[in-house]
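These notes are about the structure you will find just below.
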Amino acid sequence: MSTLTIADLQVSVATDQGQKQILRGVDLTIKEGEIHAIMGPNGSGKSTLAYAIAGHPKYTVDGGSITLDGEDVLAMSVDERARAGLFLAMQYPVEIPGVTNTNFLRTAKTAIDGEAPSIRTWVKDVRESMGKLRMDSTFAERNVNEGFSGGEKKRNEILQLELLKPKFAVLDETDSGLDVDALKIVSEGVNRAHQATGLGILLITHYTRILRYISPDFVHVFVAGRVAEEGGAELAERLEEEGYDRFLTGETAAV
Amino acid sequence: MEAATALTPDQHAATASGAPTTGGLPGGSKAHSDGGWDAREKGFIPVQTRDARFRSYAAAEFPAVTGHEVNWKLTPVGRIGDLIDGELSGAPYELDAPTTTGIDVSWVDRSDARVGVVGTPEDKAAANAWGSFDKALVITVSGEDEQELVLGRSAFGAAPRAAHTIIEAKPFSNAVIVLDNSGAASLVENVEIVIGDSARLTVVTVQDFDDDARYVATHFGRVGRDARFKHVVVSLGGSVVRVNPAITLAEPGADGELLGVYFSDAGQHLEQQVFLFHEAANTKGRVNYKGALQGEGARTVWIGDVLIGANASATDSYEQNRNLVLTDGTRADSIPNLEIETGDILGAGHASATGRFDDEQLFYLRSRGISESEARRLVVRGFLAEIVQKIGFAPLEERLNSAIEAELAASVGIAGSTLGRQVDGAQR
Ligand SMILES: Nc1ncnc2c1ncn2[C@@H]1O[C@H](COP(=O)(O)OP(=O)(O)O)[C@@H](O)[C@H]1O
Ligand SMILES: [Mg+2]
């Protein structure tokens, strides 16, 4: 049983005005097959958490730990983390000019598995996954994310999730900018990956909308760089009705 | 369309000369981009029209080169002094020219009527070569079927030499000509290219010389009515390599695509001064050069002059240069200049940027398990691929990809993350 453990995580980011603390002690434990929703207002540090897990060089870990089955994730390089089984579906996927999606996917798969996938099954897997995500076959030969619409970029992230088969995936606002149809398609992809591989998921979102299609086991409300409240799916319903005001005023009062 | 169209929403006002863009910001790139030029609206007054530069066939008419001249100021003239005004051998050299139907390759005397049809030297080195060659190499393309010729030129030798080459594409002909240059060289060459009406011609010049080779070339091109000309400069090997294409879209409907790709290693100086002259109306021009720099003293220069003449109404023109800096200790100069002498154009613009690896691209690839060195390879290959893919001649594309691969094999792992580090490559 795989476990991703985040304990007392403190993270800062370099800004023009100097180092700025964003995460102020985050505790989270995600077990294999669990779906955790992280919900919070804009600027509360959700993406910072996602990037810190993936190892983005802009973010400095000042304290705390991240471990994957006891292994120190913070000691790993960005690519080592991915090879250890972590995946980040980014809020704003990056365009890579001149590198075709096919080439990128095959290179990533080879790196993750430590050997090249057998051509025949690989080509079939890619085609099938693209079909289920309603991605036109031309996306294979296009450069990675270049000229993709917002929704197409998100589908491309989920395509990678399905093909690379990580142990844990952080999905950073995968729902933002998607119309209802695209939201369903993307959610189905996430659910497929979850069922197929027992994927553990950290689903970051601002809105409750995606939770209609992906049911969380746990909901964590994220405010000002820490978890302010935790509960089950019912907490999301409360947020849907009340919004984040309750937490924000509390925060202001506390300061 | 009456006035120039805006190309980008964030364009800024026109200046007579694009500011040189060098270096970049930490973890990013410094971009320069203009578009939507309109002579009348902006009251554009060029200092000196590019077309009005001094020209002569006689080297003696050019003053001694000091290195301060507008067309020499970024060149290491000290390393090529013997080529600029020393004695040059003008004897023919050995060629590897496979027999190709429809393409004739022969040596002709200097008195041949085709010599001087297109070009007149604009600098002392070119004039020196013009006065020194004994025989000119003439490549003539005729017929209408598509032809390909890769001309192997690897026997120039290390002694200072002058060469003169004429490429003539007869009306309606269709060919790809590759000047495949390698080996030792201390060479000054003038290449005259005549593209007849409705012809389609691609000329690729590959500089894959020995490490200590020096090559100074000017390519003069004249593109006829409704003709399509693609000109490609590929510079990889050599100590000092300077290739200056000066192409005139001389007749209505002429189309010129000027491409370049270069990879400069430690101590290498790779330069290209591109001049695209829209002389006639309804002409279309695209200039696109991309380069990578790695290693101490790696140096590149790109100057892109575009002139839209008074008669060139309904012209469409865009030029750009992008450089990718892979290590410290390099310098890339990138200077776009655009002059417009008519108010009636379809569009014109330019862009230039020199930057480091994009850290976000590297992060994205690495977050998918791809190692840092492999990620760098993908990014650089992808960056240069845009040009390589446009050449349109598959055997050469493959060769270039593996050549770039070989260059990269030497670079991978040298540069660490550039994040937060001052970019001191490419500074004056
Ligand atoms: N690279 C950065 N530079 C400066 N400030 C940043 C950077 N990344 C995040 N921040 C700041 O950190 C806070 C949290 O940002 P983020 O993690 O993106 O929040 P969320 O994803 O919850 O909207 C915000 O105030 C944001 O402005
Ligand atoms: Mg965010």
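The values are calculated or read from the model by the stated rules, or taken from the named source; none is laboratory data. Just so it is clear, the structure is predicted and the values come from calculations on it, not from any experiment. Virtual Cβ from ideal backbone geometry, glycine too; neighbours counted across all protein chains shown. Side chains included, ligands, DNA and RNA excluded: accessible areas come from the protein's heavy atoms. Shrake-Rupley method; radii C 1.70, N 1.55, O 1.52, S 1.80 Å.
The residues of segment B:347-372 that are open to solvent by less than 10 Å² (accessible area, probe 1.4 Å) and among the basic types (Lys, Arg) amount to a single one, B:ARG368. Selection of segment A:27-56 for residues being over 24 Å from A:GLU237 (Cβ atoms) and more than 10 Å from ligand 2 (Cβ to nearest atom) yields A:GLU32, A:ALA52, A:ILE53, A:ALA54, A:GLY55, A:HIS56. For segment B:344-396, the set of residues classified as in contact with a strand residue (DSSP E or B) (Cβ under 9 Å, 6 or more places away or on another chain), more than 10 Å from every other protein chain (Cβ to nearest Cβ) and farther than 19 Å from B:ALA332 by Cβ consists of B:ILE345, B:LEU346, B:GLY347, B:ALA348, B:GLY349, B:LYS390, B:ILE391, B:GLY392, B:PHE393, B:PRO395, B:LEU396, listed by residue number.
Out of curiosity, is A:LEU88 outside any loop (DSSP other than H, G, I, E, B), out of contact with any Lys or Arg (no Cβ under 8 Å at 6 or more places or on another chain) and farther than 30 Å from B:LYS390 by Cα?
Details: outside any loop (DSSP other than H, G, I, E, B): yes; out of contact with any Lys or Arg (no Cβ under 8 Å at 6 or more places or on another chain): yes; farther than 30 Å from B:LYS390 by Cα: yes.
It is true that A:LEU88 is outside any loop (DSSP other than H, G, I, E, B), out of contact with any Lys or Arg (no Cβ under 8 Å at 6 or more places or on another chain) and farther than 30 Å from B:LYS390 by Cα.
Restricting to segment A:208-230, name every residue that is assigned to a loop (DSSP other than H, G, I, E, B) and either open to solvent by 60 Å² or more (accessible area, probe 1.4 Å) or of a type in the set (Lys, Arg) (or both).
Step one: of segment A:208-230, the residues assigned to a loop (DSSP other than H, G, I, E, B) are A:208, A:213-217, A:224-225.
If the condition is that a residue be assigned to a loop (DSSP other than H, G, I, E, B) and either open to solvent by 60 Å² or more (accessible area, probe 1.4 Å) or of a type in the set (Lys, Arg) (or both), then A:TYR213, A:SER215, A:ASP217 are the ones that fit.
Selection over segment B:52-86 of residues that are open to solvent by less than 40 Å² (accessible area, probe 1.4 Å) and free of Cβ contacts under 8 Å to residues at least 24 places away in the same chain gives a count of 3. Remark: pairs (first residue in segment A:1-25, at pLDDT 95 or above; second residue within 10 Å of ligand 1 (Cβ to nearest atom) and among the aromatic types (Phe, Trp, Tyr); Cβ separation under 7 Å; 6+ apart in sequence or on different chains) = A:VAL11/A:TYR59; A:VAL13/A:TYR59. Apart from one condition, A:LYS132 fits all of (1) under 24 Å from A:GLY33 (Cβ atoms); (2) within 13 Å of chain B (Cβ to nearest Cβ); the exception is (2). Considering the conditions (1) open to solvent by 30 Å² or more (accessible area, probe 1.4 Å); (2) within 14 Å of chain B (Cβ to nearest Cβ); (3) within 17 Å of the chain's Cα centre (by Cα); (4) within 11 Å of ligand 1 (Cβ to nearest atom), A:THR15 is excluded by exactly one of them, (3). In segment A:60-85, of all residues being under 16 Å from the mean Cα position of the chain (by Cα) and part of a strand (DSSP E or B), the one that is nearest to ligand 1 (Cβ to nearest atom) corresponds to A:ILE66.
Quick check on segment A:198-207: of everything there that is within 16 Å of ligand 2 (Cβ to nearest atom) and open to solvent by less than 20 Å² (accessible area, probe 1.4 Å), which residue is farthest from the other protein chains (Cβ to nearest Cβ)? Quick ask: steps written out before the conclusion?
The first filter runs over segment A:198-207 and keeps only residues within 16 Å of ligand 2 (Cβ to nearest atom), leaving A:202-207.
Adding the requirement that they be open to solvent by less than 20 Å² (accessible area, probe 1.4 Å) leaves A:202-205.
Values: A:LEU202: 15, A:LEU203: 18, A:ILE204: 15, A:THR205: 20 Å.
Among residues in segment A:198-207 that are within 16 Å of ligand 2 (Cβ to nearest atom) and open to solvent by less than 20 Å² (accessible area, probe 1.4 Å), the one farthest from the other protein chains (Cβ to nearest Cβ) is A:THR205.
Residues in segment B:109-135 that are without any contact (Cβ under 8 Å) to a residue 12 or more places away in the chain and either crowded, with 17+ Cβ neighbours inside 10 Å or not assigned by TED's automatic domain parsing to the domain that holds B:ASN244 (or both): there are none. Taking residues in segment B:345-363 that are over 14 Å from A:PRO57 (Cα atoms), and partners anywhere that are modelled with pLDDT of 95 or more and of a type in the set (Asp, Glu), the pairs with Cβ atoms closer than 7 Å and at least 6 places apart or on different chains are B:LEU346/B:ASP316; B:GLY347/B:ASP316; B:HIS350/B:GLU319. For segment A:164-197, the tally of residues that are within 16 Å of ligand 2 (Cβ to nearest atom), buried (at least 20 other Cβ atoms within 10 Å of the Cβ) and more than 12 Å from the chain's Cα centre (by Cα) stands at 1.
Among residues of segment A:39-53 that are away from chain B (no Cβ under 14 Å) and closer than 18 Å to A:VAL94 by Cα, those with a Cβ under 7 angstrom from a residue that is more than 6 Å from ligand 1 (Cβ to nearest atom) and open to solvent by less than 10 Å² (accessible area, probe 1.4 Å), sequence gap 6+ or separate chain, pair up as A:THR48/A:VAL11; A:THR48/A:LEU23. Every condition in (1) touching a Pro at 6+ places or on another chain (Cβ under 9 Å); (2) over 18 Å from A:ALA193 (Cβ atoms); (3) away from chain B (no Cβ under 13 Å) holds for A:VAL78 except the one numbered (3). Find the residue count for segment A:20-52, including only residues that are within 19 Å of A:GLY63 (Cβ to Cβ) and more than 10 Å from ligand 1 (Cβ to nearest atom). Counting residues in segment A:20-52 that are within 19 Å of A:GLY63 (Cβ to Cβ) and more than 10 Å from ligand 1 (Cβ to nearest atom) gives 6.
Condition first: within 16 Å of ligand 2 (Cβ to nearest atom) and either modelled with pLDDT under 95 or among the β-branched types (Val, Ile, Thr) (or both). Now tell me which residues in segment A:143-163 satisfy that.
In the first step, residues of segment A:143-163 are kept if they are within 16 Å of ligand 2 (Cβ to nearest atom); the result is A:150, A:153-154, A:157.
Hit for segment A:143-163 is A:GLY150, nothing else.
The residue that is nearest to ligand 1 (Cβ to nearest atom), among those in segment A:224-238 that are more than 18 Å from the chain's Cα centre (by Cα) and closer than 12 Å to A:ILE38 by Cα, is A:ALA228.
Table: residues versus (1) open to solvent by 20 Å² or more (accessible area, probe 1.4 Å); (2) at pLDDT 95 or above; (3) of a type in the set (Asp, Glu).
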site	(1), (2), (3)
A:ASP79	no, yes, yes
A:ALA84	yes, yes, no
A:GLN91	yes, no, no
A:THR100	yes, no, no
A:THR107	yes, yes, no
A:GLU115	yes, yes, yes
A:ILE119	yes, no, no
A:GLU141	yes, no, yes
